[in-house]
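Notes for the one structure printed next.
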């Protein structure tokens with residue numbers, strides 16, 4: 001009989017396998033398939049950005065305003081993120097998408113902002129962090145969800161990533177070991193998925 005620890009590891013491994021598999025399935029979707037869903041979310045993010053900087057005292061009002069717009073966030077999460085100079089996450093109640101909101105506190109944040117990508121959709125223009133910077137920053141944040149996010153982005157953007165930059169970036173912010181571990185894990189899963197797909201062709 002397996003111990004509780006062995007069962008936990010097995011469940012975690014299966015979840016990682018499913019997460020990477022789902023990310024690979026999304027990789028082939030057309031941009032317009034997902035951008036349409038993201039449109040309202042990005043429009044709201046733009047309005048939020050233009051309003052002014054968020055202070056701790058604004059957390060309650062921001063939570064209430066977000067809920068009216070069909071987004072979810074806890075005021076306490078906002079306050080904690082501002083105190084810790086980290087990020088807070090705004091979830092869209094109508095889809096699986098979300099916004100990570102974060103201030104510019106250091107050189108790493110400034111570089112991420114400078115390398116942002118411009119995206120145009122219909123009459124709306126917005127900016128997103130590059131996949132390389134997002135992966136590195138997710139590994140730096142380091143929660144289980146952040147690591148899963150990094151894995152998903154790595155799998156979906158695999159053919160488009162500037163690997164040399166990503167390697168250097170992960171070294172600079174001291175997450176290179178975490179990056180290499182993630183890289184091996186995702187690429188192993190990608191080979192498994194490819195092998196399985198070829199088997200059924």
What shape does segment 85-160 have by the C-alpha gyration tensor, where a ≥ b ≥ c are the square roots of the eigenvalues, rounded means a/c under 1.5, and otherwise prolate means a/b greater than b/c and oblate the rest?
rounded
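Using a ≥ b ≥ c from the Cα gyration tensor of segment 129-172 (square roots of the eigenvalues), is it rounded, prolate or oblate, where a/c under 1.5 gives rounded and otherwise the larger of a/b and b/c decides, a/b for prolate? Spell out each step's value before the answer.
Details: a/c = 2.24, a/b = 1.20, b/c = 1.86.
Oblate.
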In Å, the Kirkwood hydrodynamic radius of segment 161-201 over pairs of distinct alpha carbons?
11.5
I'd like the distance separating the alpha-carbon centroids of segment 106-164 and segment 64-96, in whole Å.
19
When the chain is fully extended, how far beyond the present Cα-Cα distance does residue 94 get from residue 67, taking 0.36 nm per residue of separation?
8.5 nm
Share (percent) of C-alpha pair distances in segment 65-201 greater than 24 Å works out to 40
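None of the figures in this text is laboratory data; all of them are computed from the coordinates on show. The model shown is predicted, which means the values in this text are computed figures rather than measured ones.
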